[in-house]
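The values are calculated or read from the model by the stated rules, or taken from the named source; none is laboratory data. This one's a predicted model, so the numbers in the text were calculated from it and none came from an experiment. Glycine also receives a Cβ, built like all others from the backbone with ideal geometry; neighbour counts cover every protein chain displayed. Areas reflect the complete protein model, heavy atoms only, side chains present, ligands, DNA and RNA absent. Shrake-Rupley method; radii C 1.70, N 1.55, O 1.52, S 1.80 Å.
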Amino acid sequence: MAGILNKLRNLDAYPKINEDFYSRTLSGGVITLFSSVVMFLLFFSELRLYLHTVTETKLVVDTSRGETLRINFDITFPALACSILSVDAMDISGELHLDVKHDIIKRRLDSHGNTIEARQDGIGATKIENPLQKHGGRLEHKETYCGSCYGAEAEEHDCCNSCEDVREAYRKKGWGVTNPDLIDQCKREGFLQRVKDEEGEGCNIYGFLEVNKVAGNFHFAPGKSFHQAGVHVHDLLAFHKDSFNISHKINRLTFGDYFPGVVNPLDRVQWGQDTPNAMYQYFIKVVPTVYTDISGHSIHSNQFSVTEHVKSSEAGQLQSLPGVFFFYDLSPIKVTFTEEHISFLHFLTNVCAIVGGVFTVSGIIDAFIYHGQKAIKKKMEIVFFYTEGCSFRE
């Protein structure tokens, strides 16, 4: 047993120095105190990183197919009435969503931005009594109403029972409603009067669109839209106006769900219009993103970057359609964020590196100061001895 202990003693890589050879100095004490504080701070910094999660970022090719893209928006138009504002979406696959109403809420605002009324778009049309029937006579007692589409019927038995139905039938035909007062449904519902009553009001429109995950655009513009000879057109003649104020504030615009750390560059962006008509264009690059938290729950969403452009025109000269247009394209690269903890072995390695590194650097500094002081002291003694010797010989 004693032999084994002697062998272990001979393997000691850290031989102990006799205390008689130690030299304690003031500078060594200061350096020891300072290095202890540094080690303490670095240790707690490393401990904080170990206790908290870190996010690892990776870039991979997006191989997903057949998915949809959800666009959430909340936009305020302080000088554009809800009755003339419409939402359209289209993509490069040829799919069109014109005058979208589902999942969209419009909130009427007064000149001070206060809410007058909030309702889902397309709901709440004025009821009309004793309207004009398709055959020309007025609606009689217990007779089923079937209003005329004024030549825009797709089939003979089609009925247009409201002003909105007539406008929709005209849109499908690629026609514009030039004078709503000539249409019985619009006249009895007071379409033009409602537009006049909302003159000077603003509109806050919010909701979401579910579109194909391909490049496309969606826009907010006055008038009902339709396609004519392959061109996207908005019917603005019905409002009897030659200019529209498209000033707007984007309260929120996201592509997908929220995830921690996401930055949406268009949130709270505001534009004030200086000219009578303007077309605001936002060109957006959407980057698919997957965020996985520490529990393994994944959120499939998107980030985006944007550039802006404004096209202006004078009153009565509509070279471009007034409105707010968002053109989006998708990146082929997907970003993945993964929350994870630092391993205990990594933490232990860093702590050992901190202690060993600070201890070594402190030793080097202490040795430099100690030997420097000794050298200076020795030179001073030589100078003193030489001076004293010269004085003695004299």
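Can you give me the long-range amide H partners of Ile246? Hydrogens built in the peptide plane at 1.01 Å from N, cutoff under 5 Å, separation of 5 or more residues or another chain.
Here Ala278 satisfy the definition.
Once you have the Cα-Cα distance between Lys311 and Ile382, take 0.36 nm times their residue separation minus that, and quote the gain in nm to one decimal.
Numbers: separation 71, 0.36 × 71 = 25.56 nm, distance 8.69 nm.
Answer, rounded to one decimal: 16.9 nm.
List the residues whose amide H sits under 5 Å from the amide H of Cys149, counting only those 5 or more places along or on another chain, with H placed 1.01 Å from N in the peptide plane.
Placed amide hydrogens put Cys160 under 5 Å from Cys149.
Taking amide H positions as placed in the peptide plane 1.01 Å from N, state which residues far from Ile104 in sequence (5 or more) or on other chains have amide H under 5 Å from it.
Asp121
State the extension gain, in nm to one decimal, for the chain segment bounded by Lys196 and Ser36, taking 0.36 nm per residue of separation less the distance between their alpha-carbons.
On the way: separation 160, 0.36 × 160 = 57.60 nm, distance 7.79 nm.
Taking Lys196 through Ser36 to full extension adds about 49.8 nm, to one decimal.
Accessible area, 1.4 Å probe, largest first: how do Leu96, Leu253 sort?
Details: Leu96 75, Leu253 0 Å².
Ranked list, largest accessible area first: Leu96, Leu253.
Where the only charges are on Cβ atoms (+1 Lys, Arg; -1 Asp, Glu), what is the dipole of the stretch 243-357 about its Cα centre, to the nearest 20 debye? Don't jump to the answer; show the numbers that get you there.
Values: 6 positive and 9 negative charges, 29 e Å.
Value, rounded to 20: 140 debye.
Please turn the phi angles of the stretch 360-369 into ³J(HN,Hα) values with the Karplus equation 6.51 cos²θ - 1.76 cosθ + 1.60 (θ = phi - 60°), one per residue in order, whole Hz, x for glycine and proline.
Result, ordered by residue: 5, 4, 4, x, 5, 5, 4, 5, 5, 5 Hz.
Relative contact order, percent, of the stretch 37-108 when contacts are C-alpha pairs under 8 Å separated by at least 6 residues?
18
Taking 0.36 nm per residue of sequence separation and subtracting the Cα-Cα distance, how much length would be gained by fully extending the chain between Arg252 and Asp103, in nm to one decimal? Don't skip to the answer; put the middle values down first.
Details: separation 149, 0.36 × 149 = 53.64 nm, distance 1.59 nm.
This chain segment gains 52.1 nm when fully extended.
Any chance you could count the Lys pairs in the stretch 236-380 whose alpha carbons are under 25 Å apart, treating pairs 8 or more apart or on different chains as valid?
Numbers: Lys241/Lys249; Lys241/Lys311; Lys249/Lys285; Lys249/Lys311; Lys285/Lys311; Lys285/Lys334.
Total qualifying Lys-Lys pairs in the stretch 236-380 comes to 6.
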